[in-house]
Amino acid sequence: MFGAYEVIRDGRAWHGNVRLVEHHLVERQGAYSLFRVDEVAAQPVSAPVARILAGLAPGFSALLPDAQMQALRALGAVADPGATQGPATAEAPSSPHPSHLVNMVLVLAQTCNMRCTYCLGGGGEYGRPGMMSEETALAAVDWFLESSRGASRVQISFAGGEPLLAFPLLQRVVTHAREQAAARGQVVSFGMNTNGSLLTEPVVAFLAKEGIVPTISFDGPAAVQDRQRPFRNGRGSFDRVRRNVRRLRAVMPDLTAQATVCDGSDPFAIRRGLEEAGFRKCVLNRPSPALPRGRGDAGTGADAAADAQPAEARRKAAERMTEYRRAEVDGHFAAVRDRDLAAAAPTREMKMLAQLAAGRRNPASCAVGRGVAAVAADGDVYPCPSFLGLEPMRLGHIGDCAAEDMVDRRRTAVENLPLCRSCWARYLCGGGCFYDNLACTGDLRRPDPLFCQETKVVCEDLIAGWCRLSDDEQAYVRAQTARPGPEARP
C-alpha cells in the first residue's frame, strides 16, 4: 500500500493516505477536546476541526486539503509516517530497582471486632483466622528490608482484619523497622487502615509521635455506618468511631475517610455524613465482591460475584457511582479555580488529573506486580491483601519467597491486558484492580465492563475540564500535583 503522499491539483495541495495518531474526541456542552492517547495530552479543538477528526479513520484517509492537513499537524494529530499504529507489548518500564519491593502490607490480625456486611475477608479472617506472632512480624520486616535493598525510601502499611487488635505488636514492629532501616541507610514510613473503634488515647499518642496518619474506614451517616459496619455483637459503631475520630483530629486534622457505597446507599449522603463527622478528605468506593477462600481454583470469581449481587443491582450501583465521580471531577476543577487543590482527597479522579497534567502514562492502577507485597498473619506472602487465603495466589512464605516472584511490571502493564491494550483510556485508567477483575469477571486481566464504562465517562469529563482551564490554572495543577521520585511514593 502506498504511504502518505501529496498531490497538486489546480494549484492546490492535497494529502493522501494521511494517518492519524491514536486519539479520542470528547464533546461536552458543544465544546470539543482532542485527547492524544500515547502522549496523555489533551487540548481544545474547534468545531470545524472536530468534524474533520470525526470524519477520518485513525488509519488511512481520503484526500485532505492542505489547510486541513496543516490544522491537524498543528494539533499533533498526524502520525509520523514511520510510526507503527497501536500499542506494542509492554516492556518493563525503566526503574533503578526493577526487582525490589518498596511497600509491604503487614496483616497483623486476621480477625476483626466488627462484622461489616460487605467484608471481602469474611470478618477479616480471609479463611485463616489468627494473630501474627512477634517472631513472624519481625522476620517479615527483615525479609522486606532485605528484599528492598537499593530503595532509599520504603513503607510498611498495617492492615487486618483490624490491626489495632495487635497494638503492642504494632509498636514493636515500628521500633524494629526504624532500627533496621537506619542500619541499612533506608528511611521507612508507616501507614494504616483502621476501623477507628480502638483509637484510645495511648494509641493516638503513639500514632502522633511516630507520624503515622491512618486512613479511617467509615461509612458516613449513623444509619449507614451502624447498618454496614456493626460490631461483632450486632451493635452499631457510629458513636464510638465518631468520638474516636474527634480525638484523633485534635492531633491530626487532615484525616482521610474511606467509605464503601453498597446496597441502595446514596454516595452524596455518605459524603455529607463524612464531612459532618469531621473528615476533610473522603474516598468513596463500591464494595469488592467476596470470593471463597482456600479453594483450589481462583478462576470462577464471576459466578460468585453474580450470586452475591444481581446484575441489575450492580448496574444501578454503577450508575450512582458514575454520577458521584463526575461530581468529584467538578469539585476538583472548582478547587483549581479557588486555588485549593491541596485539600483534595487522593481519589482516582485526582490521580488521573495529575497524570493528565504531567502527560504521564499510568502503566497500571493496581499495585500487583509493582513493588508491593502482603504478608499474612502466618507469614505467607500474597500479591496484595485482597488475595489473602486464595491459595492459587499465594507466592510463598517469608522464609523462602524472593522479591522477583512478585515484582513483574511486564505482566501487569496495561498494554498486556487483552481488552485494555486497545482502549483509548488505558493510560489514564491503568486497567483497574486485579482482585476486582477476578471477582467480577473470573479473569485477573479482564476488567468489569461496568467499571470500564464508568471510568471512560469520568476520563472524558477530566479531559474536557482540563481543556477549559486557563494556562495559569493548568500551571497551578502541575505545581500542586508534581510528585516526588518513585521511591518516595511506594
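Please go through segment 125-163 and pick out each residue that is hydroxyl-bearing (Ser, Thr, Tyr) and part of a helix (DSSP H, G or I).
Answer for segment 125-163, where residues must be hydroxyl-bearing (Ser, Thr, Tyr) and part of a helix (DSSP H, G or I): THR136, SER147.
Going through (1) small (Gly, Ala, Ser); (2) in contact with a Leu (Cβ under 9 Å, 6 or more places away or on another chain); (3) under 22 Å from ALA109 (Cα atoms) one by one, GLY236 falls short only on (2). Being farther than 21 Å from CYS420 by Cβ, modelled with pLDDT under 85 and in contact with a His (Cβ under 8 Å, 6 or more places away or on another chain) holds for only one residue in ASP80, ASP66, and it is ASP66. The residues of segment 108-122 that are over 24 Å from the mean Cα position of the chain (by Cα) and in a loop (DSSP other than H, G, I, E, B), listed by number, are THR111, CYS112, ASN113, ARG115. Looking at segment 25-59, which of the residues that are of a type in the set (A, V, I, L, M) and under 13 Å from ALA425 (Cα atoms) is nearest to the chain's Cα centre (by Cα)? My answer is VAL40.
Of all positions in segment 102-111, none carries a residue that is of a type in the set (S, T, N, Q), assigned by TED's automatic domain parsing to the domain that holds VAL245 and surrounded by fewer than 18 Cβ atoms within 10 Å (Cβ to Cβ).
With the condition kept exactly as written, say whether any residue in segment 386-399 is over 21 Å from ALA140 (Cα atoms), among the hydrophobic types (A, V, I, L, M, F, W, C) and surrounded by 22 or more Cβ atoms within 10 Å (Cβ to Cβ). No: segment 386-399 contains no residue that is over 21 Å from ALA140 (Cα atoms), among the hydrophobic types (A, V, I, L, M, F, W, C) and surrounded by 22 or more Cβ atoms within 10 Å (Cβ to Cβ).
Each row is one residue, and each column tells you yes or no for (1) touching a residue at least 24 places away in the same chain (Cβ under 8 Å); (2) aliphatic (A, V, I, L, M); (3) surrounded by 21 or more Cβ atoms within 10 Å (Cβ to Cβ).
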position	(1), (2), (3)
ALA311	no, yes, no
CYS366	yes, no, yes
VAL375	yes, yes, yes
ASP378	yes, no, no
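Taking each residue of segment 323-346 that is farther than 15 Å from ALA357 by Cβ and looking for partners that are assigned to a helix (DSSP H, G or I) with beta-carbon atoms closer than 6 Å, six or more apart or interchain, yields TYR324/PRO267; ARG325/VAL458; ARG326/ASP461; GLU328/GLU349. Against the numbered list (1) over 24 Å from ALA290 (Cα atoms); (2) surrounded by 21 or more Cβ atoms within 10 Å (Cβ to Cβ); (3) modelled with pLDDT of 95 or more, VAL457 comes up short only at (2).
The values are calculated or read from the model by the stated rules, or taken from the named source; none is laboratory data. Keep in mind it's a predicted model, so treat the numbers as computed, not measured. Ideal geometry is used to build each Cβ from the backbone, glycine not excepted, and the neighbour counts take in all protein chains shown.
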